[in-house]
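Have a look at the structure below before the remarks.
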Amino acid sequence: MSRHHRTSLPFRRRNSRLQVLVLYLVSVRALYGRPLDQTEESSSVGQRLRQPFALVQPIQDATKLSLEEGGLRVLREIKGPVAPVVVIGPYRSGKSFLLNQLLGVGCDEGFGVGHTRSTQTKGVWVWGEPQLSPQTHTTEAVPAIVYVDTEGFESTGKSDVYDDRIFALSTIISSLLVYNLPETVRESDVEKLSFAVQLAEGFYASSQGMEKVRTPVEAPNMLWLIQRDFLEGKTVQQMVSEALARVPNPSRDPDIAQVNKIRESLGLVVRNSTAYGLRQPHLERTRLCQLSDADLDPIYVRQRSGLRDLVRQLAKPKLVNGEVMTGPGLAKLVETMVGALNAREIPTAGSILEHFNRDLVQKVKETYIAQLEALALPVWEDRLEDVHQAALKAALVSFDAASFGVPGSSELEVLRDALVAGCAREWEARRTANMLASARGCEAAEEACETVLEHEQSGALPSTGRFQAKFNKCKVEFEAACIGPAHGAAVERLARAQKRESARFVHDYNDRIFNGLVIASLADILVFRFLVRISLLETVGWVAFAFLQVYPKLFLSGGSMYEATWWGWLVMVWEVLVYNSVMDLQQCWQVVLPIGVVGFLGYKWYRRYYRPRHRQKEEKQVRSGRQAGDIRDLNV
C-alpha cells in the first residue's frame, strides 16, 4: 500500500488534470505491481490479461468445486483494494453477454456466449483486466473492479448442491452481487438467494472459527437486474420491493410464516438492494454477438449506459472483518471458501429433477385449466364432461412425455397422482361454476316466461289463442337460454307455472267475456237510446242485459253457463274476432278505435247536418216541380 503514497508524486500542483493523470498511473502500477517505466512489458501483460480466466471449475461428479490457478493468479496480481462484481442467475439468462456489454468487449474476446439450450459458462470465471473505479477525484487508492461470471443455476445435468456451492461462493466474495433474472422476480429466486446467503455466512464463520461472530463478511450491495423487461403496471424497483416485503399473515398460516422467515434471513441484503430493468436488445437473440450498437434497440443502448454507471457506483471495496480486501486477500478468501464448501455436505434445496417435474405438474395443470375455461359457461354437462376427459388425457400424456425420471417410479407416480387430484379439484370447481351459470340463465329465462304469462292475464282483450302462442314463443326462447345441469328442474318448474297460469287465465277469461257482454249490452242501451236512436238495437241491448242477469242463476244447483253449447260458439266467434292469423285486435285496437270514433262522428254529422239539408233540397225541388206543373195547367 506504500506505493500509493510516494511523496515524489506531484499532488501539490494546481493543474487538476495532471493530478488525475498521475493518480491513474499510480493506480495502474498498484494494480499490477510493476514499475511505470516498463512500457513494453505492461503492454504485453495487458494483452495477456484482456481475457477471462477460470477461477473455479466443477470436478467430475459435478457436485463439488476445484480451484484454477489462472484465475487465482489474476487476483493475486491486484495489489490494491478490489471491488468484485459477481453476476449470478439462471442459466440461459444472458449473464455472459451482459458482462461483455459492461466491459465493452465482443463475444469473441470476452466471456463465452452460447446460443444453444445448454449452459455455456462452467464454474466461475474472472476477467483478467480489472477496471478502475471512476472515483479518480480523491487522493485515496482507486479500487479495482473485478468482473466475475458464474455458471447459471438450475441447468440440467447438475445437482442442486453444486448450484448452492456456486451461489454461496458468489455471495461471499462479491462486493456487488448482480442477480440477473429474466422478466420478473419469482418466489423461488428469493428462496434460493436466502439459502445461499445463509450457507455463505455459515461456512465462512465455521472455516474461520468465528462461531460467535454473526456477520464476519459485510453484506454485498445487491443489484436485481431484470432482463427483457417488457411487463407493465409497476416499475422494476416497485416489483422487487414488493417481492422482498413481508407478506401479511393475520391468520398465522405456517406456509406464509415460512415465506416471511425467508425474507427476514436476507437482512442487510434486502436493505442494500437496488433494481434495474433492461429491454431486450434485439428480437434475434442468437445474433446478438454479430450486431453492432446501431442494430440494437436504442432504448436498450441507453439503459446499458445507465447500468454501467450504476454498477461502478455500487461497486465498493470488499470488506471482511472491517478491513479492505486486496487482490491476494480475495484469492485467499476464494481458496478458503472452496475448501470449506467441499469439505462439508450441504443441505439440499431440492433436486433439479424434482423442481422440473413439480413445475411441469403446475404447467400441465394450467394447460388443463385453460382448456376447461375455453368452454364458455353454461354448457351441457355431457359436453363439459367430454372436454374434461380430453383435457385430462392430454395432461397425463404431456406429463408422461415431458417428465424426467424412470417411468412408473414412485416419485413420478406421486406427482402423477397429484396432477390427477389437482385436475379433479379444478373439474369439480368448474362443474360448480357451470351449475351456477346454468341456474342463473334458467332462472332469468323462467322469469321472462312468467312475466309474459302474467302480462297476458291483464290484457284488455283476452284470447286463449294468443295466450298459447305467447307461451310457445316464450318456451322456444327458454330452451335456447336455459342450458346445462339446471335445465331439467327449470323445465318442470316452467310446466307447473304454465299449467297454473293457464288454469287461472281460462277461469278469468270466461268471467271477463261475461263481464264484457254485460258492459256491451249496457253500452248498447245507452248508445241507441241517447246517441243513435234505433229502437230495435236498444231492445236487443235490453234483452241481452236481462238474459245475462237471469240465465247464470239457473245454474245455482250445479253446472256452469260456460259449459253451454251457445257459450262455446260465442267464445269461438270472440277468438276469431280478437286473435287470428290476419290481425291481433289487442295490438291494433289503437288504430281500430280512432277509425270507429271517426266513423261514428261522421255518421252523426251526416244525420244532423247533411241529411236534413239534403231532404230540404229534395222537398224544395219537389215544390218547384209542383209549381211548374200548376202553371202549365193554367196555360192550357
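Every number in this text was worked out from the coordinates using simple rules, so none of it is lab data. Because the structure is a prediction, the values reported are computed rather than measured. Here the Cβ positions follow ideal geometry from the backbone for every residue, glycine too, while neighbour counts run over all protein chains shown.
With the Cα gyration tensor of region 351-582 giving a ≥ b ≥ c as the square roots of its eigenvalues, does the rule (a/c under 1.5 for rounded; else a/b larger than b/c for prolate; else oblate) give rounded, prolate or oblate? Prolate.
Placing pseudo-labels 7 Å out from each Cα toward the beta carbon at Lys553 and Asp297 gives an inter-label distance of 9.8 nm. The amide H of Ile145, built 1.01 Å from its N in the peptide plane, has Ala83, Gln131, Leu132, Ser133 as neighbours under 5 Å, considering only residues 5 or more places off or on other chains. In terms of other Cβ atoms within 10 Å, Leu419, Leu244 run from fewest to most in the order Leu244, Leu419.
Between Glu323 and Val571, the simple spin-label model (points 7 angstrom out along Cα→Cβ) gives 11.4 nm. Annotation for Cys107 and Arg493: the two label points, set 7 Å from Cα along the Cα-Cβ direction, are 6.6 nm apart.
Summarising the amide proton neighbourhood of Gly123: residues at separation of 5 or more, or on other chains, whose placed amide H is nearer than 5 Å comprise Glu151.
In order along region 472-477, phi translates into HN-Hα couplings of 4, 5, 5, 5, 4, 5 Hz, rounded to whole numbers, per the Karplus curve 6.51 cos²θ - 1.76 cosθ + 1.60 with θ = phi - 60° and x for Gly and Pro.
Taking 0.36 nm per residue of sequence separation and removing the Cα-Cα distance, the Glu335/Arg383 pair yields an extension gain of 10.7 nm.
Backbone amide hydrogens, once placed in the peptide plane, bring Lys64 within less than 5 Å of Ile59, excluding anything fewer than 5 places away on its chain. From least to most packed, judged by other beta carbons within 10 angstrom and beginning with the fewest, Thr565, Thr171, Thr539 follow the order Thr565, Thr539, Thr171. Hey, how many Å between the Cα centroid of region 357-373 and the Cα centroid of region 463-481? Value for the Cα centre distance between the two parts: 45 Å.
For Arg246 and Ala523, compute 0.36 nm times the residue count separating them, minus their Cα-Cα distance, and round to one decimal in nm. List each step's numbers first, then the result.
On the way: separation 277, 0.36 × 277 = 99.72 nm, distance 8.56 nm.
Extra length from Arg246 to Ala523 when fully extended: 91.2 nm.
Backbone geometry of region 362-378 corresponds, through the Karplus equation with coefficients 6.51, -1.76 and 1.60 at θ = phi - 60°, to 3J(HN,Hα) couplings of 5, 5, 5, 5, 5, 5, 4, 5, 4, 5, 5, 6, 5, 8, 5, 9, x Hz, x marking Gly and Pro. Couplings 3J(HN,Hα) for region 271-282, derived from phi with the Karplus relation 6.51 cos²θ - 1.76 cosθ + 1.60 (θ = phi - 60°), are 5, 8, 7, 10, 10, 8, x, 10, 5, 5, x, 7 Hz, where x marks Gly and Pro.
May I ask you to sort Glu456, Glu323, Glu479, Glu426 by Cβ crowding, counting other Cβ atoms within 10 Å and putting the fewest first?
Ascending Cβ contact count within 10 Å gives the list Glu323, Glu479, Glu426, Glu456.
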